[in-house]
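Right, one structure below, let's go through it.
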Amino acid sequence: MDFKVTKKENIFTLTLIVIGVLFTAIGIATHAGDDNFITRFLANSLINSLFFFGIGLGALFFLALQYATETGWYVAVKRVMEALTGYVPYGIAFLVLVFIALTITDGAHIYTWMDPEVVAHDSIIQMKSSYLNKGFFWIRTIVYLGIYFWYWRGFRKRSLQEDIEGGTEIHFKNYKKGAVFLVFFAVFSSTSSWDWIMSIDVHWFSTLFGWYTFAGIWCSSMTVLVMLTVYLKKQGYLPKVNDHHIHDIGKWTFATSFLWSYLWFSQYMLIWYANMGEEVIYYEMRIENFQFLYFGMFIVNFAFPMLLLMSREAKRHAGTLTVIGIIILLGHWMDVYVMVSGGSMGATASIGMLEIGMLALMAGIFIRIILNNLTKAPLSVVNHPYLDESIHHEI
Amino acid sequence: MADRVIYAMYDDDEILKDGAKKLVAKGVKVEEVFSPFPIHGIDPIIGVEQTRLGIFAFIYGLIGLTLATTGMWFMMIIDWPMNIGGKPSFSYMENMLSFVPISFEFTVLCAAHGMAITYLIANRTLPGMKAQNPDPRTTDDKFVMEFRTSQNKQFTADELEAMVKSTGIVELEQKDI
């Protein structure tokens, strides 16, 4: 069955976008005179670009994982997953725009290592300059994004081709490509999070940071996937998806929440225990300026999914999943917010009209793109070799 | 009234499943199925209740968490105050982070062991317990379905036997208890 964007959905996304534009305009008007306005504006752009790109990228990773492990259960929700990965090219465009703006403004106090004046007086950054400089940063960024885009295009093309041709040739090709993508992703998810996020706190470093960021995007994309699936199921699409599929994706949301919490705790505990000045500064600054957000989001992202998604019934109930999903997503947005704002604005950061507006604006654009992606292909694949297994999926 | 148990033996799990479906459709109550391995999809057919093992796991986990917390609090803070990681604050809350791994491990330990023991008790398969299955071959390659006349009062024993026999059994055994 083909998906059609209803009038209600159109109005919903348009409202989000209009509210977003309105709030952003008010925010710009009231804060345009501030000293840190450019930093604040670009930091917000970076937060939202990274957050929503992460959802698309997490779905791409998850799809590649299914290909590489040749699983059968996911086939019924494959097109929903692909609709999420369809955000990848748009996400790349937004990210590149933000990076261009940041490069032009010499980092805008976000990437301080881009500012030659700061680097001249900072011996620690000077020692990192062979890695953290504009030229190499762009080479790496283009390689990451280029490879993500290339694989996304291939997966999408072959998926549509499979609908027409059938057979197992495409399946085995996806298997190989998925495995190779995972190798790239394993390295790039770590290094890109160092380049794009960890370099904001340029003096600080954590070997766990890549995993921590990766767990965050994985959890966000699983949450969006389960919310989108139950929504479409409720609308009467996806007749092949049964409770067991939803239960399984619900479990992924639950499990990745734990993965994220585990890594949050591991990073925090090791640094707290070792108590070394150059490491604890990251947390000291966040506890001083973002205490509520920093510990609040840990509770939101750990305790809520743990207690509310623990039972079997909750993982199958559309209402519970949607409510928890929205809470988890907000929690992970706060995570990215604290990661970026902490290092760039520190004490001067605050959540106001600008932050809410830009989040609403990007959320509206994101949902619009996802819904539009859903219309581009039939919602059920027809020739996947494991389709029958997926229809009879039972746990 | 005397209760009669009928044991119907099958040599294939699919035949047993089809037979159970047919009998349940006629209104027969299946008391139990004995099988060397879990038969996928048999639970909803013979109406096995959803397991409550998960709730027990949660309770055991909570017990473990409480035990670990009180234990560490008493040992490390009250009874013999320890300098933890060069931070001699002697407060449980301020050193919470270093207690988390042990709390977690102990929670998992209690939940896992509690669950395993509960499972063995519920199935009456603790070491030393008398075997429940009617025929040792159900641990090898045979499948047995058990009926009780006391649960199927709408049929006479002969009717029940005739119905069971029509489902492709390989052996039938009856016992008065």
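Coordinate-derived values only; no laboratory data. All of these numbers come straight from a predicted model, not from anything done at the bench. As a convention, Cβ positions derive from the backbone with ideal geometry for all residues, glycine included, and neighbour counts pool all protein chains shown.
For the range A:343-353, name all the residues that are surrounded by fewer than 22 Cβ atoms within 10 Å (Cβ to Cβ) and part of a helix (DSSP H, G or I). Scanning the range A:343-353 gives A:GLY346, A:ALA347, A:THR348, A:MET353.
Let's see how each residue does on (1) in contact (Cβ under 8 Å) with a residue 12 or more places away in the chain; (2) under 30 Å from B:PRO36 (Cβ atoms); (3) within 20 Å of the chain's Cα centre (by Cα):
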position: B:ILE77; (1), (2), (3): yes, no, no
position: B:SER89; (1), (2), (3): no, no, no
position: B:MET96; (1), (2), (3): no, no, no
position: B:PRO101; (1), (2), (3): no, no, no
position: B:CYS110; (1), (2), (3): yes, no, yes
position: B:MET115; (1), (2), (3): yes, yes, yes
position: B:ASN123; (1), (2), (3): no, yes, yes
position: B:PHE143; (1), (2), (3): yes, yes, yes
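Among the numbered conditions (1) surrounded by 14 or more Cβ atoms within 10 Å (Cβ to Cβ); (2) within 30 Å of A:LYS78 (Cα to Cα); (3) over 19 Å from the mean Cα position of the chain (by Cα), the only one that A:TRP152 does not meet is (3). The residues of the range A:234-246 that are surrounded by fewer than 19 Cβ atoms within 10 Å (Cβ to Cβ) and either within 12 Å of chain B (Cβ to nearest Cβ) or outside any loop (DSSP other than H, G, I, E, B) (or both), listed by number, are A:LYS234, A:ASP243, A:HIS244. In the condition set (1) farther than 30 Å from B:ARG52 by Cβ; (2) within 14 Å of another protein chain (Cβ to nearest Cβ); (3) crowded, with 16+ Cβ neighbours inside 10 Å, A:VAL338 is compliant with all but (2). Restricted to the range B:73-93, and to residues there that are in contact with a helix residue (DSSP H, G or I) (Cβ under 7 Å, 6 or more places away or on another chain) and of a type in the set (Phe, Trp, Tyr), the residue that is farthest from the other protein chains (Cβ to nearest Cβ) is B:PHE90.
Determine whether A:TYR87 is touching a Gly at 6+ places or on another chain (Cβ under 7 Å), buried (at least 24 other Cβ atoms within 10 Å of the Cβ) and among the aromatic types (Phe, Trp, Tyr). Break it down into steps so the answer makes sense when it comes.
On the way: touching a Gly at 6+ places or on another chain (Cβ under 7 Å): yes; buried (at least 24 other Cβ atoms within 10 Å of the Cβ): yes; among the aromatic types (Phe, Trp, Tyr): yes.
Answer is yes for this residue.
When restricted to residues that are within 14 Å of chain B (Cβ to nearest Cβ), free of Cβ contacts under 8 Å to residues at least 12 places away in the same chain and assigned to a helix (DSSP H, G or I), the range A:267-287 contains 7. Looking for something surrounded by 16 or more Cβ atoms within 10 Å (Cβ to Cβ), farther than 30 Å from B:MET93 by Cβ and not basic (Lys, Arg) - is there at least one such residue anywhere in the range A:302-316? Within the range A:302-316, one or more residues are surrounded by 16 or more Cβ atoms within 10 Å (Cβ to Cβ), farther than 30 Å from B:MET93 by Cβ and not basic (Lys, Arg).
If you check A:ILE299 against the conditions, is it in contact with a Leu (Cβ under 6 Å, 6 or more places away or on another chain) and either β-branched (Val, Ile, Thr) or within 24 Å of A:PHE52 (Cβ to Cβ) (or both)?
Values: in contact with a Leu (Cβ under 6 Å, 6 or more places away or on another chain): no; either β-branched (Val, Ile, Thr) or within 24 Å of A:PHE52 (Cβ to Cβ) (or both): yes.
Spelling it out, it is not the case that A:ILE299 is in contact with a Leu (Cβ under 6 Å, 6 or more places away or on another chain) and either β-branched (Val, Ile, Thr) or within 24 Å of A:PHE52 (Cβ to Cβ) (or both).
Could you please find all residues in the range A:300-319 being within 14 Å of chain B (Cβ to nearest Cβ) and under 24 Å from A:TYR283 (Cα atoms)? Walk me through it before giving the result.
The first filter runs over the range A:300-319 and keeps only residues within 14 Å of chain B (Cβ to nearest Cβ), leaving A:302-303, A:306-316.
Correct list: A:PHE302, A:ALA303.
Residue count for the range B:94-123 under the criterion of being within 13 Å of another protein chain (Cβ to nearest Cβ) and of a type in the set (A, V, I, L, M): the result is 6. Criterion first (crowded, with 20+ Cβ neighbours inside 10 Å and more than 14 Å from chain B (Cβ to nearest Cβ)) does A:VAL323 satisfy it? So A:VAL323 fails the test. Only one of (1) under 28 Å from B:GLU49 (Cβ atoms); (2) assigned to a loop (DSSP other than H, G, I, E, B) fails for B:GLY114. Which number is that? Of (1) under 28 Å from B:GLU49 (Cβ atoms); (2) assigned to a loop (DSSP other than H, G, I, E, B), only one is false for B:GLY114: (2).
Within the range A:247-266, the set of residues being away from chain B (no Cβ under 14 Å) and touching an Asp or Glu at 6+ places or on another chain (Cβ under 9 Å) comprises just one member, A:TRP260. Residues in the range A:14-44 that are within 14 Å of A:ILE365 (Cα to Cα) and either more than 23 Å from the chain's Cα centre (by Cα) or surrounded by fewer than 21 Cβ atoms within 10 Å (Cβ to Cβ) (or both): A:LEU14, A:THR15, A:LEU16, A:ILE17, A:VAL18, A:ILE19, A:VAL21.
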